[in-house]
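The values are calculated or read from the model by the stated rules, or taken from the named source; none is laboratory data. Since we're looking at a predicted model, the values are computed, not measured. Reconstructed Cβ throughout: ideal geometry from the backbone, glycine too, with neighbour counts over all protein chains shown.
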Amino acid sequence: MVQACPAGVGQSLDEVETPALLVDLDAYERNLGLMAAALAGRDVRLRPHAKTHKSPIIALEQMARGAVGVCCQKVGEAEALVAGGVPDVLVSNQVVGAGKIASLVDLAAQARLAVCVDDARNVAELSAAAAAAGVTLGVLVEIEVGMGRCGVAPGAPALVLARQVAESPGLELQGLQAYHGSAQHIRTVEERRAAVGRAAEIAAETAALFESNGLACPTISGGGTGSLPFDLEAGVLTELQAGSYVFLDADYARNETPEGSPGFAHSLFLLATVMSLPQPGRAVTDAGLKALAFDSGPPEVWQRPGVSYVGPSDEHGTLELSGEASLGYGEKILLMPGHCDPTVNLYDWYVGIRSGRVERVWPVAARGAVS
């Protein structure tokens with residue numbers, strides 16, 4: 001069931017039903033502009049990760065500022081993006097299973113579609129389906145660059161798989177997927193720079209191996225919000241998959257910020273209501289485990305000194321008040337999620353706020369698209 005829209009354009013913040021997913025439009029638009037400025041004049045394309053926002057509206061606003069398309073993790077997300085008018089989507093993941101592959105091939109008849117592979121059996125399945133449908137799927141060979149997740153070993157094993165892709169009907173070898181997601185949250189600047197540098201060296205060596213063996217490698221895709229300055233410094237990636245930059249979250253705030261970073265601002269918040277004041281020094285909100293993702297820790301209470309979110313249960317969030325801090329019954333507060341992506345996936349609507357009033361409301365179109 002789609003959630004009832006929590007707000008209407010023109011309403012004040014106090015009139016918004018909670019819990020509600022808010023976007024500070026000034027900060028969000030500034031972030032879009034900062035990313036465009038950071039890449040201006042550089043020989044690298046932006047393909048932002050739509051798994052963060054799950055919204056074709058945001059994807060098209062990113063493309064209006066220079067992105068070549070977007071990437072996502074699931075076929076269901078790709079379906080929502082293409083249905084919303086996004087013309088170029090990379091599923092930066094493996095797509096396995098006859099039903100999902102059939103859906104991917106159907107999308108390839110409607111938009112420019114690409115997918116990642118790390119297994120010869122998957123290459124054969126994709127080729128058979130694409131050739132039968134008379135479409136062409138772009139393919140990136142995913143290599144392991146330090147994340148310990150998907151990816152064929154770099155070097156010779158990647159070359160063998162790339163040759164298979166290049167020789168398979170219905171498939172177009174486009175290059176490499178070299179994403180190091182765990183590097184995004186390495187806290188210190190120097191350790192993060194080192195991890196990104198190692199990944200870049202691995203990707204560059206494998207790309208050179210492809211080309212020395214007659215296989216073009218025009219695309220090396222990867223990177224993220226946390227590694228952005230170091231990805232640009234290394235100069236290996238031709239496509240950047242940063243996604244969280246549009247929103248940020250409490251976990252990104254724990255990273256050391258390197259000199260020269262674009263200065264992205266926090267724009268995504270959860271609006272919650274104080275529903276109980278059971279005793280001095282404690283308040284309870286209506287935002288608990290079912291309203292926020294906790295895999296990266298609890299939310300931060302936004303701009304309320306002395307107020308801390310200390311414990312969730314299913315439908316409650318307990319706050320601790322210290323010093324002179326106080327909260328009123330029915331008061332609305334802003335929470336900065338610990339992890340933006342899975343928090344967004346809990347909601348059907350974005351409520352865009354500017355100067356304390358609702359200016360825009362739009363759907364989280366790919367919410368729940370987990371297949």
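For this structure, a couple of remarks:
- Among the residues of the stretch 300-328, those identified as surrounded by 15 or more Cβ atoms within 10 Å (Cβ to Cβ), over 26 Å from the mean Cα position of the chain (by Cα) and hydrophobic (A, V, I, L, M, F, W, C) are Val307, Leu319, Leu321, Ala325, Leu327.
- Residues of the stretch 76-97 satisfying the condition of being touching a residue at least 24 places away in the same chain (Cβ under 8 Å) and either more than 21 Å from Tyr347 (Cβ to Cβ) or not assigned by TED's automatic domain parsing to the domain that holds Asp118 (or both): Val82, Gly85, Pro87, Asp88, Val89, Leu90, Val91, Ser92, Asn93, Gln94, Val95, Val96
- Checked against (1) within 19 Å of the chain's Cα centre (by Cα); (2) on the phi > 0 side of the Ramachandran plot, Gly235 passes all but condition (1).
- Selected residue (criterion: surrounded by the most Cβ atoms within 10 Å (Cβ to Cβ)) from residues of the stretch 360-370 that are outside any strand (DSSP E or B) and in contact with a strand residue (DSSP E or B) (Cβ under 8 Å, 6 or more places away or on another chain): Ala366
- Any hit, the stretch 194-210, residues being over 19 Å from Glu144 (Cβ atoms) and not aliphatic (A, V, I, L, M): no
- Some residue of the stretch 284-306 being among the polar types (S, T, N, Q) and farther than 24 Å from Ile353 by Cβ: no
- Conditions (1) touching a residue at least 40 places away in the same chain (Cβ under 8 Å); (2) buried (at least 16 other Cβ atoms within 10 Å of the Cβ); (3) over 22 Å from Arg367 (Cα atoms): number failed by Val16: (3)
- Residues that are touching a His at 6+ places or on another chain (Cβ under 6 Å), assigned to a loop (DSSP other than H, G, I, E, B) and not β-branched (Val, Ile, Thr) do not occur anywhere in the stretch 251-273.
- Some residue of the stretch 193-213 being farther than 19 Å from Pro48 by Cα and of a type in the set (Val, Ile, Thr): yes
- Flag if Gly260 is closer than 30 Å to Asp231 by Cα and touching a residue at least 60 places away in the same chain (Cβ under 8 Å): no
- Matching residues, the stretch 211-228, being on the phi < 0 side of the Ramachandran plot and surrounded by fewer than 17 Cβ atoms within 10 Å (Cβ to Cβ): Glu211, Ser212, Asn213, Ala216, Pro218
- Candidates in the stretch 1-53 are the residues that are under 17 Å from the mean Cα position of the chain (by Cα) and among the polar types (S, T, N, Q); of these, the one that is farthest from Thr285 (Cα to Cα) is Asn31.
- Single residue of Gly243, Gly288 found to be in the same structural domain as His53 (by TED's automatic domain parsing), in contact with a strand residue (DSSP E or B) (Cβ under 7 Å, 6 or more places away or on another chain) and modelled with pLDDT of 95 or more: Gly243
- Within the stretch 175-210, considering residues that are hydroxyl-bearing (Ser, Thr, Tyr) and surrounded by fewer than 22 Cβ atoms within 10 Å (Cβ to Cβ), the one modelled with the highest pLDDT: Thr188
- Evaluation of Ser276 against (1) over 25 Å from Gly66 (Cβ atoms); (2) in the same structural domain as Leu39 (by TED's automatic domain parsing); (3) in contact with a Phe, Trp or Tyr (Cβ under 9 Å, 6 or more places away or on another chain) (one fails), failing number: (2)
- All positions within the stretch 100-113 that are touching a helix residue (DSSP H, G or I) at 6+ places or on another chain (Cβ under 9 Å) and either outside the structural domain of Gly170 (by TED's automatic domain parsing) or of a type outside the set (A, V, I, L, M, F, W, C) (or both): Lys100, Ser103, Asp106, Gln110
- From the options Leu176, Leu171, residue that is farther than 30 Å from Asp249 by Cβ and in the same structural domain as Leu232 (by TED's automatic domain parsing): Leu171
- Residue count for the stretch 263-280 satisfying the condition of being surrounded by fewer than 22 Cβ atoms within 10 Å (Cβ to Cβ) and in contact (Cβ under 8 Å) with a residue 60 or more places away in the chain: 4.
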